[in-house]
Amino acid sequence: MNTVPFLVTAFLVIGVLAPEKGASRPPGGTSGVRIERIGFDAPGADDRTNRSLNNEWVEVENRSGRARNLRGWRLQNTNGGTYTFGDLRLAPGRSVRVHTGSGRDTRGHVYWNRDTHAWRNAGSTVRLRSPAGRTDSCRWGPGGTVKRC
């Protein structure tokens, strides 16, 4: 029995399926949707006014080559707070900002409708989870007001 063809076939399959050492993952896992930036420290005092709350935001961008519906995707803070996207079609290269406070949803801005701040000024992590379990996250520390992820 000749095992060389089997070994060559196995090598070729492994070479095709396994990522090259040092290769980076596509943004946002395999979906191409990822957290782009977070405005975690609203200017002025955190006085829980709607203006202050809406100056906190997370920007989610579609870096894939096709439109994505974000229905069922979730943004989560480390305190257990979760924003779940409704029916929102995000075109390739487009982004949407999720504001902490209240407002009227549009294609580029949606509102969590919280009455307290969602993001810690001193540092924390935001996670984005797809219904299929794909995740992206962004961590920031103290200082500054906006973090590019």
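The values are calculated or read from the model by the stated rules, or taken from the named source; none is laboratory data. This is a predicted model, so every value here is computed, not measured. Note that we place each Cβ from the backbone using ideal geometry, even for glycine, and neighbour counts take in every protein chain shown.
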Problem - Verdict on Asp41 being in a loop (DSSP other than H, G, I, E, B), at pLDDT 95 or above, closer than 19 Å to Ala122 by Cα and under 23 Å from the mean Cα position of the chain (by Cα) - result: yes
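From Gly86, Gly143, Gly80, Gly133, which residue is modelled with pLDDT of 95 or more and assigned to a loop (DSSP other than H, G, I, E, B)?
Working: Gly143 fails: modelled with pLDDT of 95 or more; Gly80 fails: modelled with pLDDT of 95 or more; Gly133 fails: modelled with pLDDT of 95 or more.
Among Gly86, Gly143, Gly80, Gly133, only Gly86 is modelled with pLDDT of 95 or more and assigned to a loop (DSSP other than H, G, I, E, B).
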Practice task
Please specify each residue of the range 43-63 satisfying the condition of being more than 26 Å from Gly93 (Cα to Cα) and crowded, with 22+ Cβ neighbours inside 10 Å.
Solution key: Leu53
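If you check Asp136 against the conditions, is it touching a residue at least 24 places away in the same chain (Cβ under 8 Å), of a type in the set (Asp, Glu) and closer than 24 Å to Gly32 by Cα? Give the derivation first.
Values: touching a residue at least 24 places away in the same chain (Cβ under 8 Å): yes; of a type in the set (Asp, Glu): yes; closer than 24 Å to Gly32 by Cα: yes.
The answer is yes for Asp136.
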